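First comes the structure, then the notes that go with it.
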Amino acid sequence: MTLPTDQRGQLGRQLDSDFDRVGRDVWWFLQASTRWALPAPYPSLNERGVRLLSVLHLDASESIRLIIQDERSARGATASLAPSQDRKRHRSLMWKKRFGARHQAALGAQRDSSSDRPSRSEVFLKWQMAIDG
């Protein structure tokens, strides 16, 4: 049995940086899902997950993005498979600034972890420039 749920929302005025319309708003998307095991004799599989995507527009040229993801799964033993458990997490925070229509900069940090490998963290700085060909 699966139970998905999605929630979307927005607060504030819509923002359009391509036309230099200034406003403040927050946008988010929250998704959660759960899957329960089937009755015997099937191997049990339980999965749970949650994901939050959010963008805060400070003005027409600046925004902050947040991503949070968490997934868990567990499977019962069968004649040919050993029981298993897995957990994955992702966290990301990024600030982005537009400098006109052709340039933008981003500064961010992210962290990924999983039950089957070491955690990985990074901080990044990105400069993007449009070039007409």
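Restricting attention to segment 50-81, the residues that are at pLDDT 90 or above and β-branched (V, I, T) total 3. So for segment 75-97 (the condition being among the charged types (D, E, K, R) and closer than 21 Å to W127 by Cβ), does at least one residue qualify? Scanning segment 75-97 turns up at least one residue that is among the charged types (D, E, K, R) and closer than 21 Å to W127 by Cβ.
For residues in segment 100-121 being out of contact with any Lys or Arg (no Cβ under 6 Å at 6 or more places or on another chain) and polar (S, T, N, Q), which is nearest to D86 (Cα to Cα)? Filtering segment 100-121 for residues that are out of contact with any Lys or Arg (no Cβ under 6 Å at 6 or more places or on another chain) and polar (S, T, N, Q), the one nearest to D86 (Cα to Cα) comes out as S119. Note on segment 105-123: residues that are more than 19 Å from S54 (Cβ to Cβ) and either free of Cβ contacts under 8 Å to residues at least 24 places away in the same chain or not hydroxyl-bearing (S, T, Y) (or both) total 9.
The values are calculated or read from the model by the stated rules, or taken from the named source; none is laboratory data. Bear in mind that the values here come from a model prediction, so they are computed numbers and not experimental data. Cβ coordinates were reconstructed from backbone atoms using ideal geometry, including for glycine residues, and neighbour counts include every protein chain displayed.
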